[in-house]
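**Student:** Before I ask anything, here is the structure I am working with.
Just so it is clear, none of the values below were taken in a lab; they were calculated from the coordinates. In this text the structure is predicted, and so the values were computed from the model without any measurement. Using ideal geometry, Cβ is built from the backbone for each residue, glycine included, and neighbour counts are taken over all protein chains shown.
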Amino acid sequence: MSKTLRPAEPAVLSAPLAAPNQPKAEAAPPYYERHIFFCLNQRKGNEECCAQQHAEAGFDRCKSQVKAAGLSGPGQVRVNKAGCMDRCAAGPVAVVYPEGVWYTYVDASDIDEIVESHLKNGQIVTRLLIPAYLGR
């Protein structure tokens, strides 16, 4: 006996969408206030990538510093690994959302400054910003 597959049920929204001229429903607060994503991509051969720039050490340092500062968990900060973000020329790279701020870093003190200034106090670390034109 074969099973008959049915199309997936449409998603049920928790609040109906407002018509264009009606007030919008209040959005729930985000699960995390900020996410920081670290590119840990490893390319084949000798192609330039964040993994060659010790990105894993930066990720590990950030995760431990966020936890030590009591910033981890719902309503606070989430530190995530990411694949290639196509900013290899500036590597290693990390991006903080929801602001969409792109950083490069060299050592643990740079990571500590990002955690203290941006993730904890909401202040962008301008000296570590990646220029908009730097891509892959």
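**Student:** Taking 30 Å as R0, compute the FRET efficiency from the Cβ-Cβ separation of Ser109 and Glu26 and round it to 0.05.
**Tutor:** Working: r = 41 Å, r/R0 = 1.35.
My answer for the efficiency is 0.15.
**Student:** Taking the Cβ of Pro74 as the center, what net charge do the other residues with Cβ under 15 Å away carry, scoring Lys and Arg +1 and Asp and Glu -1?
**Tutor:** Values: positive: Arg34, Lys67, Arg78; negative: Glu33.
Result for the local shell: +2.
**Student:** Seen from all sides and averaged, what is the projected area of the convex hull of the Cα atoms in the stretch 37-126, in nm²? Each step should come with its number before you reach the end.
**Tutor:** On the way: hull surface 21.9 nm².
In nm², the orientation-averaged hull projection of the stretch 37-126 is 5.5.
**Student:** When a/c is below 1.5 the answer is rounded, else prolate if a/b is larger than b/c, else oblate, so apply that to the stretch 86-130 with a ≥ b ≥ c taken from the square roots of the Cα gyration tensor eigenvalues. Walk me through the numbers on the way to the answer.
**Tutor:** Details: a/c = 2.20, a/b = 1.29, b/c = 1.71.
Note, shape of the stretch 86-130 comes out oblate.
**Student:** Stretch Thr126-Gln42 to full length: gain in nm at 0.36 nm per residue minus the Cα-Cα span? The partial results should precede the final answer.
**Tutor:** Details: separation 84, 0.36 × 84 = 30.24 nm, distance 2.71 nm.
Full-extension gain reported as 27.5 nm.
**Student:** Within a Cβ distance under 12 Å of Arg136, other residues only, what is the Lys/Arg minus Asp/Glu net charge?
**Tutor:** Values: positive: Arg43, Arg87; negative: Glu47, Glu48, Asp86.
Counting the neighbours of Arg136, the net charge comes to -1.
**Student:** Mind giving me the nanometre distance, one decimal, between the label points for Ala57 and Asp86, set 7 Å out from Cα along Cα→Cβ?
**Tutor:** Roughly 3.0 nm, to one decimal.
**Student:** Now for a separate question. Add +1 for every Lys or Arg and -1 for every Asp or Glu among the other residues with Cβ under 11 Å from the Cβ of Glu99, and state the total.
**Tutor:** Result for the local shell: 0.
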